[in-house]
Amino acid sequence: LQPKIEHHFIDRQQNLWFNSARGLSQLTIRKQRTQFVDVRAGERVRSVCCRHDGSVWAGTMEGYLAVFDSDGHLQGWLSPQGTIVGSSVRFSQHIYALFKDSQHRLWIGTKGAGLYILDAQGRLTHLMPDKENAYSINSAEIYDFDEDASGNIWIATFSGGVNVCAMPELRFIHCNNDLRHYPKEQFRKVRRITHTADGLVIASTTSGLLTIDAGKKADWSKARIQTACHEQDNTASLRTNDVMQTS
């Protein structure tokens, strides 16, 4: 408990300032309105994204993709045909990641059913690994997305490592084609992906941290790739190799 309060003052933000024998103190009481929105009874929400029109999209582990307005009112459900329908229809399986890019496309990552892209005009594209196409996405397990300054979409997959989608061709660069120096034997399971202000891509994996510097010209075959792992006798190394997220 504070000792005897000698003076107090309430500022314009309703913060309480008071002084005592212990010095000056500030007390801030914030009131935030919280609203619980139920997607579907028993559904486990795994991913949420706010689009350019203010709508909020919520994907569930069970494969349903609900659309809400900015006030939290349910507007409908995304169907496998790419249309918003009134009845709850299953979109796909295990929706793990939702991402809005700078061109207002919605990237939908699933665990097992590959990648979906919904463009600003409502056209839906479904992409899966294709053994006949070396530049197709190389995993059907999509965990995270990020966009770099050049508009390329970086994708964290949980079986194919890092993929980068060179736009607008939808051409996927990964360890099986031009990303030649990628350590694919060890760093195939990627959970999260992000980048720094100067463009260095950071991937959080089950085997440690992985960074990719492709340079401004994005010559993927010459991309500089470094890894950081736990080292048994090095106290300055990672505490563990199992990295959940970086920011």
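The figures follow:
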read-out: Selection count, the stretch 168-181, where residues are over 12 Å from ALA134 (Cα atoms) and either without any contact (Cβ under 8 Å) to a residue 40 or more places away in the chain or among the hydroxyl-bearing types (Ser, Thr, Tyr) (or both); value: 2
read-out: Subset of the stretch 101-154 [on the phi > 0 side of the Ramachandran plot and open to solvent by 50 Å² or more (accessible area, probe 1.4 Å)]; value: HIS104
read-out: Condition met for VAL67 (more than 17 Å from the chain's Cα centre (by Cα), part of a loop (DSSP other than H, G, I, E, B) and hydrophobic (A, V, I, L, M, F, W, C)); value: no
read-out: Filtered residues of the stretch 195-237 (kept if among the aliphatic types (A, V, I, L, M) and modelled with pLDDT of 90 or more); value: LEU200, VAL201, ILE202, ALA203, LEU209, LEU210, ILE212, ALA223, ILE225, ALA228
read-out: Number of the exception - ARG51 against (1) out of contact with any Cys (no Cβ under 7 Å at 6 or more places or on another chain); (2) over 30 Å from ILE173 (Cβ atoms); (3) of a type outside the set (Phe, Trp, Tyr); (4) touching a residue at least 12 places away in the same chain (Cβ under 8 Å); value: (2)
read-out: Answer residue from the stretch 22-54, given it is of a type in the set (Gly, Ala, Ser) and surrounded by fewer than 16 Cβ atoms within 10 Å (Cβ to Cβ) and is modelled with the highest pLDDT among those; value: GLY54
read-out: Single condition GLU169 does not satisfy, out of (1) touching a Ser or Thr at 6+ places or on another chain (Cβ under 8 Å); (2) open to solvent by 40 Å² or more (accessible area, probe 1.4 Å); value: (1)
read-out: From the options THR211, THR227, THR196, THR206, residue that is in contact with an Asp or Glu (Cβ under 9 Å, 6 or more places away or on another chain), under 26 Å from ALA97 (Cα atoms) and surrounded by fewer than 19 Cβ atoms within 10 Å (Cβ to Cβ); value: THR206
read-out: Residue check, GLY160 small (Gly, Ala, Ser) and more than 12 Å from the chain's Cα centre (by Cα); value: yes
read-out: Qualifying strands (runs of 3 or more DSSP E) (wholly inside the stretch 71-112; at least 2 residues being under 15 Å from GLY59 (Cα atoms) and among the β-branched types (Val, Ile, Thr)); value: 106-110
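The values are calculated or read from the model by the stated rules, or taken from the named source; none is laboratory data. These numbers were taken from a predicted model, which means no experiment stands behind them. Virtual Cβ from ideal backbone geometry, glycine too; neighbours counted across all protein chains shown. Note: areas computed on protein heavy atoms with side chains; ligands, DNA, RNA excluded. Shrake-Rupley method; radii C 1.70, N 1.55, O 1.52, S 1.80 Å.
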